[in-house]
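Where a number appears in this text, it was derived from the coordinates with a stated rule and is not lab data. None of the values given here were measured: they were computed from a predicted structure. Please note: Cβ atoms are built from the backbone with ideal geometry, for glycine as well, and neighbour counts cover all protein chains shown.
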Amino acid sequence: MKRQWLADLRISQGKTQQEIAREVGTSQGGYANIESGLREPSVEFAKRIATVLGFDWTRFFENQEKAEDSA
């Protein structure tokens, strides 16, 4: 599932995927896969992204927990 909230947050701060990728230590494609929902970040990586963009890293896993509860 696409993480539109993550893309919106990045865009609202005037940052590109390339800039975020460089700041967290990955490729632009790797970051794009996280933003598009094709890849789940590790806890460590979620924390790095959250630090750069200024949000609670657990947000990455909130929807996942809700989906598991409804299954």
In the list (1) 37, 21, 18; (2) 58, 28, 20; (3) 49, 19, 13, the entry giving Cα extents along the principal axes in Å computed from the coordinates is (1)
The helix 59-70 Cα axis meets the longest alpha-carbon principal axis of the chain at an angle in degrees, between 0 and 90 and rounded to 10, of 20 degrees
Put in order of increasing Cβ neighbours within 10 Å, starting from the fewest, V24, V43 give V43, V24
So for R0 = 22 Å, FRET eff. of K2-E62 from the Cβ-Cβ r, to 0.05, ends up at 0.90
